[in-house]
Amino acid sequence: DMAEKRYNTLAEVPEWGKATVQKLIDKGCFADKKKLNLTEDMLRGFVVNDRAGVYR
């Protein structure tokens with residue numbers, strides 16, 4: 001089994017998710033911004049929520 005890809009820093013996040021993750025970092029949503037531990041599915045959910053206006 002291959003381990004699922006995890007994004008631990010903003011630099012590792014794909015371009016399509018960077019603005020959303022930065023917004024969540026700025027809001028203090030992560031305990032450690034250098035250990036985000038985000039999966040692709042988590043990132044996708046955050047971006048969908050952001051586009052829907054959840055993170056104002």
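Key figures
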| read-out | value |
| --- | --- |
| Top-ranked residue in region 44-55 [being in a helix (DSSP H, G or I) and not acidic (Asp, Glu); ranked as farthest from Glu15 (Cα to Cα)] | Asn49 |
| Residue, nearest to Gly53 (Cα to Cα), within region 1-14, restricted to residues that are among the hydrophobic types (A, V, I, L, M, F, W, C) and surrounded by fewer than 10 Cβ atoms within 10 Å (Cβ to Cβ) | Ala11 |
| Enumeration of residues in region 15-43 that are outside any helix (DSSP H, G or I), of a type outside the set (D, E, K, R), closer than 18 Å to Tyr55 by Cβ and touching a residue at least 12 places away in the same chain (Cβ under 8 Å) | Leu36, Leu38 |
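Readers should treat all values here as calculations from the given coordinates under stated rules, not as data from a laboratory. Since the structure is predicted, the reported quantities are computational estimates derived from the model, not experimental observations. Don't worry about glycine lacking a Cβ; one is built from the backbone with ideal geometry, like all the others, and counts go over all protein chains shown.
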